[in-house]
Each structure stands twice: as structure tokens, then as C-alpha cells.
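The values are calculated or read from the model by the stated rules, or taken from the named source; none is laboratory data. None of the values given here were measured: they were computed from a predicted structure. When we count neighbours, we look across all protein chains shown, and the Cβ atoms used for this are built from the backbone with ideal geometry, even at glycine.
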Amino acid sequence: MGTPCHHLTGECGCPPGFTGYSCEKTCPPGTYGKNCNQVCQCSAENEECHPVTGNCMCRLGYYGARCNIRCPKGTYGSNCQNLCKCMNGGHCDPESGTCDCTPGFIGADCSKMCPQGQYGPNCLLTCTCQNGGICDHVDGNCTCGLGWTGKLCEKECQPGKYGSGCVLDCSCQHNGTCDRFTGWCRCPEGYYGHSCEHSCDRGWFGERCQQQCNCGDVPCDPETGKCLCPPGKTGEKCDIECRSDQYGPNCSLRCQCANKSQCNPYNGNCICPATWMGPTCKEVWLFTTPAFDIEKSIRYPTSDHVACLAHDYQDKYLYVQK
């Protein structure tokens with residue numbers, strides 16, 4: 001299989017790429033050419049070359065004249081001629097094309113997310129989220145459901161907060177309580193509206209203002225329904241007049257009128273009898289005769305009351321402080 005043997009020695013003259021007594025062997029690894037006396041110029045990872053031409057024979061995952069270049073990202077196999085099929089950021093083995101999936105994905109081509117309750121590399125880690133929290137398939141972080149917060153969704157929303165992760169602010173007014181799941185306001189008695197912003201209309205009271213007052217023409221307390229009596233009136237239905245010593249709303253104030261004077265049941269003003277005067281009828285009227293031209297003082301023998309007569313030439317009254 002080559003050149004004729006030597007006419008004297010009988011030794012075979014082997015063609016390039018072969019060696020041996022009868023040219024039955026190919027060149028040893030790392031050599032090529034006639035008599036296999038040429039050294040391959042391939043990289044250390046790919047020492048073998050074609051025994052005849054010396055062209056480097058690249059291993060899977062390498063390419064280039066010396067087979068010293070790894071396959072570009074996304075390719076693999078002989079001379080990097082095959083395209084990788086890895087998805088979701090999976091890394092392709094340059095030799096076999098096998099996918100090495102990123103955390104959170106599995107499958108031959110990394111196309112499948114971790115099943116619920118698992119996460120991480122090859123989906124081998126178990127989620128720890130509580131109260132219906134959803135576990136991130138990549139890093140295991142919890143996304144809390146409505147009304148819950150905390151690293152593991154283990155905490156209820158604080159008052160005034162609601163929603164997923166408790167990040168929303170409640171809008172309830174007048175001490176209304178906020179549902180931590182939906183943000184819906186539960187209004188206190190006497191108020192209604194989306195945010196409890198309205199007080200009951202006149203004539204209505206109670207939860208959501210659904211009960212009707214029983215006070216006639218008089219308004220009632222929007223929370224309790226109790227009749228709010230105007231000045232001068234009292235009683236369950238505000239149909240009773242104030243007592244003589246009381247006045248004001250629901251007759252709640254005590255009159256200050258003295259000396260058997262009458263008290264106005266609406267404003268508490270005193271209606272003084274004869275000889276008495278002043279805001280509370282505690283000051284005495286004293287009448288004088290005309291034409292006094294000097295100041296005098298009169299002391300009453302039965303008390304310490306003193307009436308001072310001022311200079312005057314007309315009929316007038318004097319008063320004494322009781």
C-alpha cells in the first residue's frame with residue numbers, strides 16, 4: 001500500500017501518514033506526514049492531527065485551525081456546528097449540548113418552572129411561605145396574599161393597612177375599621193359611606209344609618225338614637241318642660257336666679273320681681289326723692305348694706321348690693 005520496497009533491503013517506502021515495516025501503521029498521535037516525522041501543531045487539549053495532512057482533528061466543543069477555541073455561547077458539538085436548545089438562561093454544554101438550568105427551572109431544555117412549593121437550583125429547595133403566600137421559584141422569596149405581611153407572610157396587617165403585603169393605606173374616617181383584606185370600611189354607628197365620610201341624615205341613626213329616630217320633630221343622636229332635646233325641653237321624647245330651677249338643652253343647666261325670680265327655661269335669664277334687679281336678681285332697687293345735691297351714704301340698721309346717693313337733681317333710684 002504505497003511505494004515499492006527497496007531493491008536491496010526490501011524495506012518499504014511508506015506513503016505520508018503511515019509507518020511500520022510493511023506500512024501497516026498510521027502515524028503515532030501528535031505526528032504526521034512522510035515517515036511521520038512532522039509534529040502536529042494542535043492545542044494541548046487536541047493533540048491529534050490528520051496523519052497525512054497534519055490538519056488538527058478538533059474534539060467536541062472546540063474549533064479553529066489549532067482546535068484551541070471553545071465553542072461560542074449557544075453552540076456545541078463537532079466544530080461547534082450544533083445550536084443549543086436551552087431556555088430561560090440555561091447554559092449549554094459545548095461538547096454534548098446538555099442544558100445546565102438556572103435556579104428556578106428544570107427539564108431537558110430548561111423550559112419548565114419549579115413546581116409550586118419548590119425553588120432554587122434544580123428545584124430542590126422547599127418553600128416556607130405561610131398563609132397562602134406565593135414562593136418565588138428562583139430565590140424562594142414570599143409574595144404575601146391579601147391581609148398578610150412579613151418575610152414568611154406570618155404577620156397580619158397593622159391597623160390602617162390592607163391588601164397584598166399590607167402596603168395599601170386604609171381611607172376610613174371617624175374611627176371606622178378597615179378590612180385588612182379588601183380595605184372596605186366598617187363605619188361606626190352614626191356614619192356611612194365608602195370611607196365613613198358621611199354622618200347620618202336628620203331623622204336616622206345607628207349602623208349604616210338604617211334606623212329611624214322616634215323623636216317627632218326633634219333630632220336624635222346619630223349613634224344611639226337618643227332624642228336631642230332643645231333648650232327648655234327634656235324627657236325621652238323631649239315632650240316635658242324644664243322644672244323651674246332648670247334650663248337649656250335637655251334642661252341640663254341649673255338656674256342661678258335668686259329671691260323667687262323666674263328662670264327662662266331656654267336661656268336661663270332671670271325675670272326679677274319688684275325691688276330686685278341684676279343678672280340673678282340679687283340687687284335691690286332703692287328709690288330717692290328729687291333734688292339731692294350732695295352725696296350721702298345710708299346704712300341699714302338690720303344689715304351691712306350701704307346705698308350711696310349720687311349727686312343728682314332729678315328723680316332717680318339708688319341700689320344696694322345685697
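Identify the residue in the stretch 142-182 that is assigned to a strand (DSSP E or B) and aliphatic (A, V, I, L, M) and, among all such residues, is nearest to GLU197 (Cα to Cα).
Pass one, the stretch 142-182, residues assigned to a strand (DSSP E or B): 142-143, 146, 148-149, 155-156, 161-162, 164, 168-169, 177-178.
Still in the list and also aliphatic (A, V, I, L, M): 146, 168.
On the way: LEU146: 25, LEU168: 19 Å.
The qualifying residue nearest to GLU197 (Cα to Cα) is LEU168.
Out of all the residues in the stretch 214-247, which are among the aliphatic types (A, V, I, L, M) and part of a loop (DSSP other than H, G, I, E, B)? Can you show your working first?
Of the stretch 214-247, the ones among the aliphatic types (A, V, I, L, M) are 218, 228, 240.
Passing the criteria: VAL218, LEU228.
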Requested in this report: Filter the stretch 268-282 down to residues that are touching a residue at least 12 places away in the same chain (Cβ under 8 Å) and out of contact with any strand residue (DSSP E or B) (no Cβ under 7 Å at 6 or more places or on another chain) and give me whichever is surrounded by the most Cβ atoms within 10 Å (Cβ to Cβ).
Outcome: CYS272
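Between CYS178, CYS127, which is under 28 Å from ILE106 (Cβ atoms) and not basic (Lys, Arg)? Lay out the reasoning, then the answer.
Values: CYS178 fails: under 28 Å from ILE106 (Cβ atoms).
CYS127 is the lone residue from the list that is under 28 Å from ILE106 (Cβ atoms) and not basic (Lys, Arg).
Given the structure, is GLU189 closer than 30 Å to LEU228 by Cα, among the acidic types (Asp, Glu) and surrounded by 16 or more Cβ atoms within 10 Å (Cβ to Cβ)?
Working: closer than 30 Å to LEU228 by Cα: yes; among the acidic types (Asp, Glu): yes; surrounded by 16 or more Cβ atoms within 10 Å (Cβ to Cβ): yes.
The answer is yes for GLU189.
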Report summary line: Of the residues in the stretch 118-140 that are loosely packed, with under 14 Cβ neighbours inside 10 Å and not hydroxyl-bearing (Ser, Thr, Tyr), the one that is nearest to ASN88 (Cα to Cα) is ASN122
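Taking the stated definitions as given, is CYS110 in a loop (DSSP other than H, G, I, E, B), touching a residue at least 24 places away in the same chain (Cβ under 8 Å) and on the phi > 0 side of the Ramachandran plot?
On the way: in a loop (DSSP other than H, G, I, E, B): yes; touching a residue at least 24 places away in the same chain (Cβ under 8 Å): yes; on the phi > 0 side of the Ramachandran plot: yes.
Here the answer is yes, as CYS110 does meet what is asked.
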Report task. Of all residues in the stretch 1-51, count the ones that are modelled with pLDDT of 75 or more, out of contact with any Pro (no Cβ under 8 Å at 6 or more places or on another chain) and more than 30 Å from TYR62 (Cα to Cα). Result -> 5
Report task. Quick one: LYS73 ticks every box in (1) surrounded by fewer than 13 Cβ atoms within 10 Å (Cβ to Cβ); (2) assigned to a helix (DSSP H, G or I) except a single one, so which number is it? Result -> (2)
